[in-house]
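Enquirer: Here it is: the structure, laid out below.
The values are calculated or read from the model by the stated rules, or taken from the named source; none is laboratory data. As the structure is a prediction and not an experimental result, all values here were calculated from the model. Note that each Cβ is placed from the backbone with ideal geometry, even for glycine, and that neighbours are counted across all protein chains shown. Each accessible area value is taken on the protein alone, full model and side chains, heavy atoms only, with ligands, DNA and RNA left out. Shrake-Rupley method; radii C 1.70, N 1.55, O 1.52, S 1.80 Å.
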Amino acid sequence: MVRDPKTSMAWLRNLSKYSSTIAKLSSSPKTNTDPFFLLPAFTFLSHFSSNSIQQKPSNSNTKHVIEYSGLLEATKPHEKPRVVVLGSGWAGCRLMKGLDTTTYDIVCVSPRNHMVFTPLLASTCVGTLEFRSVAEPIGRIQPALSREPGSYFFLANCTAIDTHNHMVQCETVTDGEETIDPWKFSISYDKLVIALGSKPSTFGIQGVKEYAIFLREVYHAQEIRRKLLLNLMLSDVPGITEEEKRRLLHCVVVGGGPTGVEFSGELSDFIMKDVQQRYAHVKDYIRVTLIEANEILSSFDDRLRRYATNQLTKSGVRLVRGIVKDVKAQKIILSDGTEVPYGLLVWSTGVSPAPIIQSLDLPKEPSGRIGVDEWLRVPSVQDVFSIGDCCGFLETTGRQTLPALAQVAERQGKYLAELLNRIGKEGAGHANSAKEIEFGDPFVYKHLGSMATIGRYKALVDLRQSKEAKGLSLAGFLSFFIWRSAYITRVISWRNRFYVFINWVTTLIFGRDISRL
């Protein structure tokens, strides 16, 4: 087909005009005067503003990256003050649950949209409980985040804090390199609560991050379960040598605290009750080793520790006292040179401050946590508080740093919610308005005791307030009943309590779910 030259020139001129119009529209900054933002359904977006799109220079060897910048602007004097909560762990969620939403707008920034009920997380690794039973959506904990026009939840990480300008800088979470580029934005706050928790402690040992699996998040439990079931099925394949079969079916747990002991107990129950029936060909090869540098369950009563040691040994768990020196792809090396081959390695040796905590220009206590005073304030800046595993008392307070426990974080969240509610009702909720406010009684922590399950329907209950204090301590089936009763009442929602109860009954009658999903 031959096109008329005049028609072709007119078509090219129109295309040129259209292209230039598109370029002008894409280069002009979007403001809240855009008709889109003036629609009734989007009037709640009036707090947001966005800056122009910035393009990073790229060459043939680098991926083209687009950075976006947006701002959740500061609140006006006639509006409710805004509390920004960084984190969705025990401390942050208890705080948000207790905040008065008629006084404050709440903004939560976290890389996960749920809270993990960590005391029951080990049970999900072997199918005793399903994963959704231990995950509580943030929107159920604080419904205002889903309903109130000035409250938001952002699936993002905090990257920096500007305490002088009352601003938090964030970057959205993506699912890997092949997904959309992260969106960077800032949030203005009236009150900031840092509840960013902690990270697993590796003590700088090479290979831990690459080859070990931690047990702090739901995806950790999912990874452990998939790896365990994969090894069970691979070990049954024809041609696998005896040595390789024993390696694949050797589960090594490093760390003799409550998490490591509870996971070892759950794993031994899984082996004795489910593997024996459903993986009869390899049942004699699977074993569990628990490695601890000192005594297991060091915070518990001596009698309870001895009882736990005997019960774990009877369940087939091999206890090894040693220090891990190096971690390789298929073996770990102890300080005395002993090599321990493994198919599954679970690392549970305590916690340390997260990298973002270390990078913040805020006062720190000796272990590297954010330093706070008796009212959980960061004393060198205005309107900033910190709770949970990421904070500790400054030496000037004369108080001892509290352990990184769920009950400590939960108690701090409850206290700070009550404190902020009182401040807000006194008219000091906005930024820089609480300087002359009397904060009242300082935070006081009273330890309620410790509990841990050790498998075979047995558990430990230590109700002493400290290691040196006297108090009630129990072990055996009665303790197991107390352990289950206590934790099912601590699960936040009735929905998840129902899930947990049904899972326990189903496991008791039909056994554990061994599907590899």
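Enquirer: Return the residues of the stretch 141-157 that are closer than 30 Å to Met451 by Cβ and more than 17 Å from the chain's Cα centre (by Cα); say none if nothing qualifies.
Expert: Our first condition is that a residue be closer than 30 Å to Met451 by Cβ; within the stretch 141-157, this holds for 141-142.
Result: Gln142, single match.
Enquirer: What number goes with the only condition from (1) part of a helix (DSSP H, G or I); (2) at pLDDT 95 or above; (3) β-branched (Val, Ile, Thr) that Thr289 does not pass?
Expert: All conditions are met except number (1).
Enquirer: Something else now. Looking at this structure, is Leu448 modelled with pLDDT under 95, aliphatic (A, V, I, L, M), closer than 30 Å to Phe270 by Cα and open to solvent by 50 Å² or more (accessible area, probe 1.4 Å)?
Expert: When the stated conditions are applied, Leu448 does not pass them.
Enquirer: Follow-up. For residues that are part of a helix (DSSP H, G or I) and either open to solvent by 40 Å² or more (accessible area, probe 1.4 Å) or of a type in the set (Lys, Arg) (or both), scanning just the stretch 355-405, find the one that is nearest to Gly440 (Cα to Cα).
Expert: We begin by selecting, within the stretch 355-405, every residue part of a helix (DSSP H, G or I); these are 355-359, 388-390, 395-397.
Restricting the remaining residues to those that are either open to solvent by 40 Å² or more (accessible area, probe 1.4 Å) or of a type in the set (Lys, Arg) (or both) gives 355, 358-359, 395-396.
Working: Pro355: 33, Gln358: 30, Ser359: 31, Glu395: 21, Thr396: 19 Å.
It comes out as Thr396.
Enquirer: Another question about this same structure. Every residue in the stretch 244-268 that is within 14 Å of Arg287 (Cβ to Cβ), of a type outside the set (S, T, N, Q) and either assigned to a helix (DSSP H, G or I) or open to solvent by 20 Å² or more (accessible area, probe 1.4 Å) (or both), please.
Expert: Lys245, Arg246, Arg247, Leu248, Leu267 - these are the residues of the stretch 244-268 that are within 14 Å of Arg287 (Cβ to Cβ), of a type outside the set (S, T, N, Q) and either assigned to a helix (DSSP H, G or I) or open to solvent by 20 Å² or more (accessible area, probe 1.4 Å) (or both).
Enquirer: Any idea which of (1) closer than 14 Å to Leu345 by Cβ; (2) in contact (Cβ under 8 Å) with a residue 60 or more places away in the chain is the one Thr289 doesn't satisfy?
Expert: Looking at each condition in turn, Thr289 falls short on (2).
Enquirer: Of these, Arg225, Arg216, which one is charged (D, E, K, R), open to solvent by less than 60 Å² (accessible area, probe 1.4 Å) and closer than 30 Å to Lys283 by Cα?
Expert: Criteria check complete, one pass: Arg225.
Enquirer: Do we find a residue being under 26 Å from Asp462 (Cβ atoms) and either open to solvent by less than 40 Å² (accessible area, probe 1.4 Å) or part of a helix (DSSP H, G or I) (or both) anywhere in the stretch 326-344?
Expert: no
Enquirer: Do the conditions hold for Leu304, that is, is it open to solvent by less than 70 Å² (accessible area, probe 1.4 Å), touching a residue at least 60 places away in the same chain (Cβ under 8 Å) and either over 18 Å from Gly455 (Cα atoms) or acidic (Asp, Glu) (or both)?
Expert: no
Enquirer: As an exercise: evaluate Gly455 against (1) touching a Gly at 6+ places or on another chain (Cβ under 7 Å); (2) open to solvent by 50 Å² or more (accessible area, probe 1.4 Å); (3) small (Gly, Ala, Ser) and give the number of the one condition it does not meet.
Expert: (2)
Enquirer: Moving on. Given (1) open to solvent by less than 30 Å² (accessible area, probe 1.4 Å); (2) closer than 30 Å to Arg305 by Cα, where does Glu410 come up short, assuming only one miss?
Expert: (1)
Enquirer: Count, please, the residues in the stretch 269-286 that happen to be among the hydroxyl-bearing types (Ser, Thr, Tyr) and either farther than 28 Å from Ser335 by Cα or at pLDDT 95 or above (or both). Even if it seems obvious, please write down each step before you answer.
Expert: Start the filter on the stretch 269-286 by keeping residues that are among the hydroxyl-bearing types (Ser, Thr, Tyr), which leaves 279, 285.
From what is left, the residues that are either farther than 28 Å from Ser335 by Cα or at pLDDT 95 or above (or both) are 279.
Adding up the residues that qualify gives 1.
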